[in-house]
Amino acid sequence: MAFSNKQQLNSMESSIQSLEVSIGTKQDILDDDTKNEVSLLKLTATNLYAGIFYYLGQPLEQLLGNKQNLLSKNTDATMRQISCTNLTVNDSNIVSAINLKQNIIDATKDVQLRNLTCNSVDIAGTNVISSINTKQEIIQVGDLSIEQTTGI
């Protein structure tokens, strides 16, 4: 490329130097999560390789791979704690169902029962049925005969 005069050449050199200064002030390539930070309101990307993005020192690809899969009807879930304002199972509100159940029986309240059937009743560590079985049977009229009446 030939320049017709020295003024054009100087102008071109000045423009190139100005461009080099402008480029030098621009951000480096996003390749180091300790030096680079980007704030975005929205990012739309197609065919983006996630391995180049990091969050708290871990690749985004790894973080996404560690997340829980969606639960489905046939998936069992184990949870340490669940907190919600309205829990429904089979169209029934769980809190309402629990509130309809019997209150907890404790030692400070009297209990009234229509029938009580049990295999073992312990009171203060003593089996009541065993204790009753060690007692004397009821004496019925005619069960006794007195052989010696001297001194009565």
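What is the calculated FRET efficiency for residue 107 to residue 87, with r their C-beta to C-beta distance and R₀ = 25 Å, to the nearest 0.05? Given R0 = 25 Å and the Cβ-Cβ separation, E is 0.20.
Modelled spin-label separation between residue 131 and residue 98, with each label point placed 7 Å from Cα along the Cα-to-Cβ direction: 3.7 nm. Counting other Cβ atoms within 10 Å as a rough exposure proxy, the listed residues 146, 105 run 146, 105 from fewest neighbours to most. The stretch between residue 123 and residue 72, if pulled fully straight at 0.36 nm per residue, gains 13.5 nm over its current Cα-Cα span. The calculated FRET efficiency for the pair residue 19 and residue 62, based on their C-beta separation and a Förster distance of 30 Å, comes to about 0.15.
Taken together, the values in this text are just the output of simple stated rules run on the coordinates, not laboratory data. Predicted, not measured: the structure shown is a model, and the values here were computed from it. A quick note on method: Cβ atoms are made from the backbone with ideal geometry, for glycine too, and the neighbour counts reach across all protein chains shown.
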